[in-house]
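Working notes for the structure below.
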Amino acid sequence: MNDTEYYKLVRPYEDAMNMLLIRVRVVGHSLYNKEEEQLYHTIQSRIKGKDSIENKLEKKKLETSVKNAKDYLRDIAGIRVICLFREDIYRLVELLTRQSDLVFIKEKDYICKPKENGYRSYHLIIGVPVYCADTMEIFPVEVQFRTMEMDLWASMEHRILYKNAQKKDREKIKEELRTYSEKLREMESYFKRFR
């Protein structure tokens, strides 16, 4: 895939992501501008880079083509919504599922069922209709919902375990990360009482 093909590939994904960002922002705040009722703290977004797309296709043992990227990848566009509390995550998901023109492709609740390593998050892959001059097509956008504690843990895990950890330290670090994941969950539950 050359640069021109990459930019042509990601353009509609970027459009879908931007449209979904607006939806999340709109459903996530109070109609009456009560800041304390806002359901999210911050929102981040990204489009997967060309190298990242090619690496993911190679891991799947697929040719690095535009067609394969469209057919096999569901995370070319991504949004991360950071909330204060778990209840806010479930409320946002509920509000988004009421949007009749969005297509819900896949759902993974790693909050109720955390990964073995302690990772917690709520993942949705949402198909967003993109209308152009001559057609309409649905493009998937991956949305990750996390609390601030979940995001802190995931960022530390990625940075420490995958970027810097020596092989001899990996198992010890993995065990420590599982322990801290539970401590952060407890902290979140404690502060929820003061909401």
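One table, with the values for the structure above:
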item: Residues within the range 92-131 that are of a type outside the set (A, V, I, L, M, F, W, C), surrounded by fewer than 17 Cβ atoms within 10 Å (Cβ to Cβ) and over 24 Å from Thr179 (Cβ atoms), tallied; result: 10
item: Single match in Arg46, Arg11 (criterion: surrounded by fewer than 16 Cβ atoms within 10 Å (Cβ to Cβ) and over 19 Å from Glu137 (Cα atoms)); result: Arg46
item: The one condition in (1) modelled with pLDDT under 70; (2) closer than 15 Å to Pro114 by Cβ; (3) not β-branched (Val, Ile, Thr) that Glu186 fails to fulfil; result: (1)
item: Criterion (on the phi < 0 side of the Ramachandran plot and surrounded by fewer than 18 Cβ atoms within 10 Å (Cβ to Cβ)) met by exactly one of Glu142, Glu157, Glu63; result: Glu63
item: Any hit, the range 8-15, residues being assigned by TED's automatic domain parsing to the domain that holds Arg120, at pLDDT 95 or above and part of a loop (DSSP other than H, G, I, E, B); result: no
item: Boolean, Leu39 is in contact with a strand residue (DSSP E or B) (Cβ under 9 Å, 6 or more places away or on another chain), part of a loop (DSSP other than H, G, I, E, B) and buried (at least 18 other Cβ atoms within 10 Å of the Cβ); result: yes
item: Pairs, first farther than 15 Å from His29 by Cα and assigned by TED's automatic domain parsing to the domain that holds Val130 in the range 77-89, second among the charged types (D, E, K, R) and buried (at least 24 other Cβ atoms within 10 Å of the Cβ), C-beta under 8 Å, six or more apart; result: Arg80/Arg146
item: Tally, over the range 80-106, of residues that are within 16 Å of Thr147 (Cβ to Cβ) and either touching a Ser or Thr at 6+ places or on another chain (Cβ under 9 Å) or in a loop (DSSP other than H, G, I, E, B) (or both); result: 9
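Table: residues versus (1) of a type in the set (D, E, K, R); (2) more than 21 Å from Val128 (Cβ to Cβ); (3) in contact with a Gly (Cβ under 8 Å, 6 or more places away or on another chain).
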residue	(1), (2), (3)
Tyr6	no, no, no
Val26	no, no, no
Glu37	yes, yes, no
His41	no, yes, no
Gln44	no, no, no
Lys50	yes, yes, no
Lys60	yes, yes, no
Arg80	yes, no, no
Glu94	yes, no, no
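Condition check ((1) closer than 16 Å to Val24 by Cβ; (2) in contact with a Lys or Arg (Cβ under 7 Å, 6 or more places away or on another chain); (3) at pLDDT 90 or above; (4) not in a helix (DSSP H, G or I)) across all residues:
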{"site": "Lys108", "(1), (2), (3), (4)": "no, no, yes, yes"}
{"site": "Lys115", "(1), (2), (3), (4)": "no, no, no, yes"}
{"site": "Ile126", "(1), (2), (3), (4)": "yes, no, yes, yes"}
{"site": "Val143", "(1), (2), (3), (4)": "yes, no, yes, yes"}
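The values are calculated or read from the model by the stated rules, or taken from the named source; none is laboratory data. Note that the coordinates shown come from a computational prediction; the quantities given were computed from them, not determined experimentally. When we count neighbours, we look across all protein chains shown, and the Cβ atoms used for this are built from the backbone with ideal geometry, even at glycine.
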